[in-house]
Amino acid sequence: MTITIYGIKSCSTMKKAFTKLDDLGISYDFHDYKKQGIDKETIQRWVDSLGIDKVLNKRGTTWRKLDDSQKQEADSDVDKAIDLLVENTSMIKRPIVEGELTDKNRIILLCGYDEAEFDKVFS
């Protein structure tokens, strides 16, 4: 089983996800995109699978601090939105959990923390 959890270490939602994965006995690698950054191809893969509305967090302070023209550009052009996410990783919804459950032979991609969903996917 190869799982990577993407996010920001200090985020309270991330802490819930770490605790849940630990409780379920799931080993994982952590990618802190605040420190390590994230490439456009990875975000593109997430957006292709989940949709920009799921990946882009519009409820956070980083989004609210953008000027109206940046918000409008992101809303009308997915490529511009992805560029904004690369530059402003705080706007990526957390956590993103990606990997392969080899014992169940399936690829997973989760966005956001939902305890019931984690239980269902990893139990």
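The values are calculated or read from the model by the stated rules, or taken from the named source; none is laboratory data. As the structure is a computational prediction, the values presented were derived from the model and not from experiment. With ideal geometry, Cβ positions are generated from the backbone for all residues, glycine too; neighbour counts draw on all protein chains shown.
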If we keep only residues of region 73-123 that are in a loop (DSSP other than H, G, I, E, B) and of a type in the set (Gly, Ala, Ser), then the residue surrounded by the fewest Cβ atoms within 10 Å (Cβ to Cβ) is 123
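Going by what's in this entry, would residue 37 be described as over 19 Å from residue 8 (Cβ atoms) and part of a loop (DSSP other than H, G, I, E, B)? Spell out how you get there, then give the answer.
Values: over 19 Å from residue 8 (Cβ atoms): no; part of a loop (DSSP other than H, G, I, E, B): yes.
In short, no.
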Flag for residue 10 being within 17 Å of residue 91 (Cβ to Cβ), assigned to a loop (DSSP other than H, G, I, E, B), more than 14 Å from the chain's Cα centre (by Cα) and at pLDDT below 95
yes
Looking at region 46-59 only, could you name the residues that are within 23 Å of residue 36 (Cβ to Cβ), surrounded by fewer than 16 Cβ atoms within 10 Å (Cβ to Cβ) and either free of Cβ contacts under 8 Å to residues at least 40 places away in the same chain or among the hydrophobic types (A, V, I, L, M, F, W, C) (or both)?
48
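Within region 11-26, how many residues turn out to be touching a residue at least 24 places away in the same chain (Cβ under 8 Å) and either among the small types (Gly, Ala, Ser) or under 17 Å from residue 59 (Cβ atoms) (or both)? Give the derivation first.
Step one: of region 11-26, the residues touching a residue at least 24 places away in the same chain (Cβ under 8 Å) are 11, 13-14, 16-17, 20-21, 24, 26.
With either among the small types (Gly, Ala, Ser) or under 17 Å from residue 59 (Cβ atoms) (or both) added as a condition, the list becomes 11, 13-14, 16-17.
Qualifying residue count, region 11-26: 5.
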Yes or no: region 36-45 includes at least one residue that is exposed (fewer than 14 other Cβ atoms within 10 Å of the Cβ), at pLDDT below 95 and at positive phi.
yes
Taking first residues from region 110-123 that are free of Cβ contacts under 8 Å to residues at least 60 places away in the same chain and second residues anywhere that are part of a helix (DSSP H, G or I), the pairs with Cβ under 7 Å that are 6 or more apart or on different chains are 110/117; 110/121
For residue 68, which of the numbered conditions (1) over 30 Å from residue 27 (Cα atoms); (2) buried (at least 16 other Cβ atoms within 10 Å of the Cβ); (3) not small (Gly, Ala, Ser) fails to hold?
(2)
Hey, among 42, 4, 61, 13, which residue is over 25 Å from residue 107 (Cα atoms) and of a type in the set (Val, Ile, Thr)?
61
